[in-house]
Each structure stands twice: as C-alpha cells, then as structure tokens.
Amino acid sequence: MNNLVHIDSQSPQPELIERAATVLRGGGLVAFPTETVYGLGALALNLKAIHKIFLAKERPDWDPLIVHVGDVAMARSLMNGVPPSFELLAHQFWPGPLTFVVDKADHVPGEVTAHRPTVALRMPWHPVAAALLKATGAPIAAPSANRFGRPSPTRAEHVLEDLANRVDLILDAGPTPMGVESTVLDLTQSPPVILRPGGVPREDLEKAIGEVPLASAVEGEIARAGLAGPGMSLKHYAPRARVELFDGDPNKTVIALKRRVEELKREGKTFYILANYGDQRLYAQTLFDQMRDADSRQADVILAIMPPGRGLGLAVRDRLLRAAGSPAAPAAQKTNHE
Ligand code: TXA
Ligand code: MG
C-alpha cells in the first residue's frame, strides 16, 4: 500500500508531516493518529474536502464532525463568544481527549456541523496530530477514520480495512495510546453536559467544575428505547458478531459467563471473550481492536464483561452498550444487535 507511511509516534519526521500537510492543503484526506483513535482529516474550512470525508465514511450528513485545533487561540477563532468554563477546562485538559461543543463562529461551514449552530472542538496531544496541525496552521476536521457504524480504528490497519483507497494518505504511528474516543462536553448548557463519555473521566471534570451530568446516558437512552428495538443512534461501534453483555456483581457475572460458554459450546457456536476486569486502561486501549479481531476470526458471539462505570470504565461501558444495541440485564444477560 503506497498511501500508507510509517511515522515516528514520538518525533514525527518533518518531511512526512510536510507531505501530509500538502495533501490537506490540496483538499485531500489524511488519516492520522490521535491519542484516542485514528482520525480521517480534511481542512475544516474547505467544503469539497469536508464532502469527501462524508463520502469516504459513508457517514450520514446529519452527524457533525469534530474540528481539531492546534491551540486555544485557533479554537476561540471558531467560536461565537466564549462559554464560562472554557478557559479553565481548556487550560487543564488541553491538549487532550476532551472535545467542547460551543456556539460556532459564522465562518464555520454548516457542512462541518451538520447545520447546527454549534461546533465541536478538540486540541489533541498526540505528537503526530499536533505536528500536522502546526504544519497546516489551520483547523482540521477529523471524525474517527472508520466506515460509519464500524468500531473506531485504533491501528492504521483498521483504517486500511475500512477506507483503503478512499483516503489519500495514512500516517501509521502504531496503536493509539488510549483506544476510546474523546469525551464530548457540551458547554452551551449550564452546567456543561457530557454528550459522550470518553478519554477524560467524568470525575476529573467534576473535580474542576463541580457536577457534570451525563446527557444521553446510554443506559437510560437504551432503557427508553426499550428492549424490543434499540434506536438507530445506538447502533454505533458495532462489530459484526453479536455482542452479549454481562454486568453486575463480579462473582455472579463470571458464573453466568461460564454457563453461557457451555451453552454456546453445545450449540457449536464460536465465541470471543472481552474481560479485562480490573484494568480499565487496558480494556479501553484494546476494546475496538478486540471487536475487530473477533470479527476477523468470524466469532458468532462476543461475550463482554462490563467494567464498573468509574474512570475510563464509563466510556468502555458506553461503547459496549452501543455495540450490543441494548442493555445487560441485572446479574448477567445477553443482548444483541440484528
Ligand atoms: O477522539 C475523538 O474524538 C476522535 C478523534 C479522531 O479526535 N474523533 C471522533 O469523531 O470520535 P467522531 O466524528 O467519530 O465523533 C464525534 C462525535 C459524534 O458523536 C458527533 O455526533 C459529536 O461528536 N458532535 C460533533 N459535533 C457536535 C455538535 N456540534 N453538537 C453535538 N455533538 C457533536
Ligand atoms: Mg466515530
């Protein structure tokens, strides 16, 4: 694949960064690593390039993009007014896996924000992403570099799997360090609301600004959707295998999982177990990779033990629930997406 180049994750080679910046300036697409997942980047103020992102991902036009910025000044230039806690939170958490939803400046194209009056902004710390932003000196729109509905890519190989010849250049810096996407925090509400739990834990935000509600708390969202038919928006981060969740008291959960394993064996089904119980960082880091691995091994079922909802565990729970498409029953139960 000659559109994939290896780049040093700590000290990215300047000539490779310049090559990527040139592709972006020409209106092309560059997949690049961030600390969370790989992004599919295009210059945020270039309409044709933005259009290419939606085509490549097969992303519906109602789903707005995150705009990546190189510094706080660039972020301010894209917003209309500065919400109260922005400075404090940006000072504390940027660069990092935290995305702010703020009122957009007039010159931010509606195509980027799915015609919402708000824009999502994030300053990543990954050295490759930071270098690329510095080289272009311009905001870069970058959703996760997967096809719509597939697990986010944590390795360049995943980008190839999903987007191969739809992207002009892939910067391969190895696996991304965090493995789950950024926390999306809506600063247009007071207090700010978490729209998507992610790399910055809720507890850390609450230490900084007090109580931070979880908006579409996925568990509540699914409860409202009902067991019969999970809503479309929940069918995100989905592997091809059916996902069954095991939640609750660890001892009971393990017993239920073992029972289910025996059942599947009797039925002649193949299964894949996700259970990095106790190490949430590792669970987060390997989650999407394991979902894809399960698919490539053509597992019929993924059996996943839900981590507690603390720290990165909240993001892992959210992604598992979305992958399953409905909730785990108390103690342990299975669910699926069809
Ligand atoms: O970690 C990340 O956030 C990665 C890396 C590449 O930075 N990006 C990422 O982008 O996950 P994407 O497009 O896959 O997810 C962006 C999320 C979507 O759930 C989208 O609906 C939400 O952010 N979002 C974007 N703009 C928004 C807005 N104006 N209001 C509310 N939600 C918004
Ligand atoms: Mg995504």
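On the basis of being away from ligand 2 (no atom under 16 Å from the Cβ) and part of a loop (DSSP other than H, G, I, E, B), does G174 make the cut?
yes
Suppose we keep only residues that are outside any helix (DSSP H, G or I) and over 17 Å from the mean Cα position of the chain (by Cα) within the range 191-217. Which one would you say is nearest to ligand 2 (Cβ to nearest atom)? If you could, list the steps in order and put the result at the bottom.
We begin by selecting, within the range 191-217, every residue outside any helix (DSSP H, G or I); these are 191-201, 210-217.
If we keep only those that are over 17 Å from the mean Cα position of the chain (by Cα) as well, we get 191-193, 210-213.
On the way: P191: 25, P192: 21, V193: 19, G210: 29, E211: 27, V212: 22, P213: 22 Å.
Once the filter is applied, the top-ranked residue is V193.
Which condition number in (1) within 16 Å of ligand 2 (Cβ to nearest atom); (2) under 17 Å from the mean Cα position of the chain (by Cα) is the one that A114 fails?
Answer for A114: the failing condition is (2).
Taking the residues in the range 314-338 that are of a type in the set (G, A, S), farther than 20 Å from K258 by Cβ and at pLDDT below 95 as candidates, determine which candidate is surrounded by the most Cβ atoms within 10 Å (Cβ to Cβ).
Per the criteria, the residue is A323.
When the residues of the range 66-100 are narrowed to those that are in contact with a strand residue (DSSP E or B) (Cβ under 6 Å, 6 or more places away or on another chain) and outside any loop (DSSP other than H, G, I, E, B), which ends up surrounded by the fewest Cβ atoms within 10 Å (Cβ to Cβ)?
Among residues in the range 66-100 that are in contact with a strand residue (DSSP E or B) (Cβ under 6 Å, 6 or more places away or on another chain) and outside any loop (DSSP other than H, G, I, E, B), the one surrounded by the fewest Cβ atoms within 10 Å (Cβ to Cβ) is M79.
Quick check: is even one residue across the range 1-14 hydrophobic (A, V, I, L, M, F, W, C), modelled with pLDDT under 95 and assigned to a loop (DSSP other than H, G, I, E, B)?
Yes, the range 1-14 contains at least one residue that is hydrophobic (A, V, I, L, M, F, W, C), modelled with pLDDT under 95 and assigned to a loop (DSSP other than H, G, I, E, B).
Would you mind stating whether A145 is within 12 Å of ligand 2 (Cβ to nearest atom) and buried (at least 24 other Cβ atoms within 10 Å of the Cβ)?
yes
Pairs, please: C-beta under 9 Å, at least 6 apart or cross-chain, first residue within 20 Å of R292 (Cβ to Cβ) and in the range 174-197, second of a type in the set (D, E) and crowded, with 23+ Cβ neighbours inside 10 Å?
Listed by first residue and then by second, the contacts come to V180/D318.
When both residues are 6+ apart or on different chains and their Cβ atoms are under 7 Å apart, which pairs have a first residue that lies in the range 115-133 and is in the same structural domain as S9 (by TED's automatic domain parsing), and a second that is among the acidic types (D, E) and more than 11 Å from ligand 1 (Cβ to nearest atom)?
M123/D71
In the list P153, P109, P139, which residue meets the criterion of being closer than 28 Å to L320 by Cα and at pLDDT 95 or above? Before the answer, list the steps.
Values: P109 fails: closer than 28 Å to L320 by Cα; P139 fails: closer than 28 Å to L320 by Cα.
None of the others qualify; the one that does is P153.
Let me confirm something: among I17, I50, which residue is within 20 Å of the chain's Cα centre (by Cα) and either in the same structural domain as R150 (by TED's automatic domain parsing) or part of a loop (DSSP other than H, G, I, E, B) (or both)?
I50
The values are calculated or read from the model by the stated rules, or taken from the named source; none is laboratory data. Model, not experiment: these values are computed from the prediction. Note that each Cβ is placed from the backbone with ideal geometry, even for glycine, and that neighbours are counted across all protein chains shown.
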